[in-house]
1. Please count how many residues of region 117-135 are at pLDDT 90 or above and either hydrophobic (A, V, I, L, M, F, W, C) or within 21 Å of N192 (Cα to Cα) (or both).
2. Tally the residues that are over 18 Å from E224 (Cα atoms), part of a strand (DSSP E or B) and among the β-branched types (V, I, T), restricting the search to region 169-183.
3. Here are some residues: I186, I153, I137, I166. Which one is part of a helix (DSSP H, G or I), β-branched (V, I, T), assigned by TED's automatic domain parsing to the domain that holds E224 and in contact with a strand residue (DSSP E or B) (Cβ under 6 Å, 6 or more places away or on another chain)?
4. Given the options E157, E191, E224, E205, name the one that is surrounded by fewer than 14 Cβ atoms within 10 Å (Cβ to Cβ), modelled with pLDDT of 90 or more and more than 20 Å from the chain's Cα centre (by Cα).
5. Tell me which residues, restricted to region 86-101, are in contact with a helix residue (DSSP H, G or I) (Cβ under 8 Å, 6 or more places away or on another chain) and of a type in the set (A, V, I, L, M).
6. Of the conditions (1) modelled with pLDDT of 70 or more; (2) under 27 Å from the mean Cα position of the chain (by Cα), R21 fails just one. Which one is it?
7. State all residues of region 54-108 that are out of contact with any Lys or Arg (no Cβ under 9 Å at 6 or more places or on another chain), of a type outside the set (A, V, I, L, M, F, W, C) and in contact (Cβ under 8 Å) with a residue 40 or more places away in the chain; if no residue qualifies, say none.
Amino acid sequence: MLTCYLVFSMLFMSESHEETRLCKGVEVVVRDSSDISLVDCEMIHSLIGSEGMDPVGKPLASVNTQAMEEMLSHYPLIETAQCFKTSGNKVKIVVYSKIPLLRVRSNGGDDYYVDSKGEILNHRMLSLHLPVATGYIDRKFAADDLRRVVMAIDRSEFWRAQIVQINVNKDRQIELVPRVGGHLLILGSAENVTDKLDRLYSFYETGISRIGWNKYSSVSVAYENQVVCKKR
């Protein structure tokens with residue numbers, strides 16, 4: 001009976017103590033694996049304040065961290081959010097932002113961003129320095145084919161520095177605009193994009209570096225095991 005009483009007393013005192021503990025602050029951590037961050041700490045503080053969820057000065061027992069997580073996770077630029085109370089009488093918020101890959105400006109007037117998971121980001125406040133894709137592009141093509149192309153480009157330091165724009169012609173052929181040289185690099189489809197970029201790189205090393213950057217108007221790797229050049 002004494003043991004039961006002690007346990008009950010400790011639980012009761014703990015619950016009573018939490019009722020009187022006030023939140024002393026909010027600690028925000030933004031985890032982002034890219035160089036481009038869509039979310040910052042000031043934005044998170046602003047969001048919880050505008051939704052009436054700022055916990056500072058309120059009893060910790062009344063703070064609904066699950067509701068805060070759900071609200072933040074529905075924000076267009078946030079991938080996931082984790083909210084929990086700390087032993088220092090604070091609320092900690094850990095946010096993972098979405099990772100934008102490219103901007104699409106299609107012939108149909110669409111203007112949006114695509115993230116690393118193929119999600120369309122229609123956030124007009126964004127102004128990011130990213131590869132731009134133009135031409136005959138619908139959203140499915142952008143989220144699938146163009147996303148795969150940009151991810152392959154991002155894996156190569158050389159191509160990341162060399163490619164300044166992507167274009168899709170009316171035949172749905174993907175063309176790359178390089179920083180150096182007045183030629184187009186024609187990938188064709190997004191299939192086997194890594195192999196196509198490797199072939200282009202080999203040609204750059206063994207061909208264009210000797211012949212000159214302005215010899216051709218286009219270099220195509222649209223077909224397997226081929227590099228087809230068109231002279232000016």
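1. Going through region 117-135, the residues at pLDDT 90 or above turn out to be 117-120, 132-135.
So of that shortlist, the ones also either hydrophobic (A, V, I, L, M, F, W, C) or within 21 Å of N192 (Cα to Cα) (or both) come out as 117-118, 120, 132-133.
Total satisfying the criteria: 5.
2. Just the residues of region 169-183 that are over 18 Å from E224 (Cα atoms), to begin with: 169-171, 177-183.
With the extra rule that they be part of a strand (DSSP E or B), the set shrinks to 177-178.
Next, from what is left, pick out any that are among the β-branched types (V, I, T): 177.
Number of matching residues: 1.
3. On the way: I186 fails: part of a helix (DSSP H, G or I); I137 fails: part of a helix (DSSP H, G or I); I166 fails: part of a helix (DSSP H, G or I).
So the residue among I186, I153, I137, I166 that is part of a helix (DSSP H, G or I), β-branched (V, I, T), assigned by TED's automatic domain parsing to the domain that holds E224 and in contact with a strand residue (DSSP E or B) (Cβ under 6 Å, 6 or more places away or on another chain) is I153.
4. Numbers: E157 fails: more than 20 Å from the chain's Cα centre (by Cα); E224 fails: modelled with pLDDT of 90 or more; E205 fails: modelled with pLDDT of 90 or more.
On inspection, the qualifying residue turns out to be E191.
5. Start the filter on region 86-101 by keeping residues that are in contact with a helix residue (DSSP H, G or I) (Cβ under 8 Å, 6 or more places away or on another chain), which leaves 89, 91, 93, 95, 101.
Of everything in region 86-101, those that are in contact with a helix residue (DSSP H, G or I) (Cβ under 8 Å, 6 or more places away or on another chain) and of a type in the set (A, V, I, L, M) turn out to be V91, I93, V95, L101.
6. (2)
7. The one that is out of contact with any Lys or Arg (no Cβ under 9 Å at 6 or more places or on another chain), of a type outside the set (A, V, I, L, M, F, W, C) and in contact (Cβ under 8 Å) with a residue 40 or more places away in the chain: P100.
The values are calculated or read from the model by the stated rules, or taken from the named source; none is laboratory data. The model shown is predicted, which means the values in this text are computed figures rather than measured ones. Cβ: placed from backbone, ideal geometry, glycine included. Neighbour counts: every protein chain shown.
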